[in-house]
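Please treat every number below as a calculation from the coordinates, not as lab data. Quantities reported herein were computed from a predicted structural model and do not represent experimental measurements. Every residue, glycine among them, receives a Cβ derived from its backbone with ideal geometry; neighbour counts consider all protein chains shown.
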Amino acid sequence: MLATGKKILCVRDGDATDYALDILDPKVLGRTVIAQCQKTLDATLDFSTSSNIALEDSEALLLYAWQELNTGKWASVDGNWHKVYAAASWMKAVSYFRCNMDSPTVWSDIVKLCDMGHLMGGDVWNGILIRTISNAEEFIQSQTKQISDSTPESSVAPLKRLKASLRPSIQYLIPEVCQPYLSDFQDLHFRQKRSVVLKHCMDDWPALEKWSPEYIRQLCGSRTVPVEIGRRYTDDDWTQELMTIGAFIDKYIYMKDNPEHKIAYLAQHDLFSQAPVLKEDIAPPDYIAFCGDDDPDMNAWFGPEGTVSPLHYDPKHNFLCQVMGEKYVRLYSESQTEFLYPHAPARGLPEDLRSVVLLVIQPKLGNWVFAFTNHEGPQKDAVDILK
């Protein structure tokens, strides 16, 4: 078990270069913190030392980094503290294994530890947290023999294919184009800042046939993700919570143990770097080449009926690829900026006009992509997409 554990945890005996601390800047962290990181790392990798002491050292370092991450504004925290948190999370995972290698839940516990490290700190040492998670999940699946390419039978009733229960009147539809030439897309839409719906650009995506709540649970149900609790993030009772994808599906997709039918949303989350196995089921459209970003952001949204994104502006161009469900999107021309507000005035504005919404209805299968730029619609004050 020890040799298997080291392999899963990416521990390489006698090769300390894989865990070099030159990724940390002593001018930012100070020599004392660097020395503590080295001491903890040495205790973590030396399996002849006390595993309890190694675990205590890693927990102390993790707590210190956590305090630094949560002091002041998140955006102003130096990136070195994120690296310390990520490195300390992996050290704790290794020490935790040494202390609990006979526990039946040791690998699922380690997945949670590394997930938290990745969420709060990113990754270090050539993606060691994600590599450890992938190895641990592969080991768990090999032991339980539950992995399958098709959706397994479930005791939970399948979701019905829903249509939008709140369909606004549509006046100005965005034009639809079927697989345009790249040059046409660039000349007629991107350069002209005109929104467009691109048809049949996802026909070869395995996700269209594979993805379902149970499939996603099977592949990454143990992964910890940030979930938005509440219908929209401008509401007073809106909050966030960390939970596993499996728990999110049970409570907010199937509404189990959720008698009040509270709404939650996995929104704009970098799920594909956290769970690379899902990335194998999709392929970014070639049209993103015109956005001038060699490494574009790729985020996931997953939620039940009734989630709302209030009026907002994105600093980057967007390609929104709909695999399941349907969305209603309203876009305004930049010429209307002075008339648009993310929040309603205290008085005088009816509820249905208080924000422009993105309404998500799950889970009717779709087979199309729509793309929109940051600016002009097709020469209208407002343009709509509803599929």
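Structure data summary
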item	result
Segments 263-276, 29-42 sorted - mean Cβ within 10 Å per residue, highest first	263-276, 29-42
Under the Karplus curve 6.51 cos²θ - 1.76 cosθ + 1.60, θ = phi - 60°, whole-Hz ³J(HN,Hα) for the range 224-231, x wherever Gly or Pro sits	8, 9, x, 10, 8, 9, x, 5
Subset of K7/K39; K83/K112; K210/K279 violating a 20 Å alpha-carbon distance limit	K7/K39
About the Cα centre, charge dipole magnitude for the range 203-313 (Lys/Arg +1, Asp/Glu -1 at Cβ), debye	460 debye
Given charges at Cβ of Lys, Arg, Asp, Glu: the range 57-153 dipole, positive-most of S134, L61, T144	L61
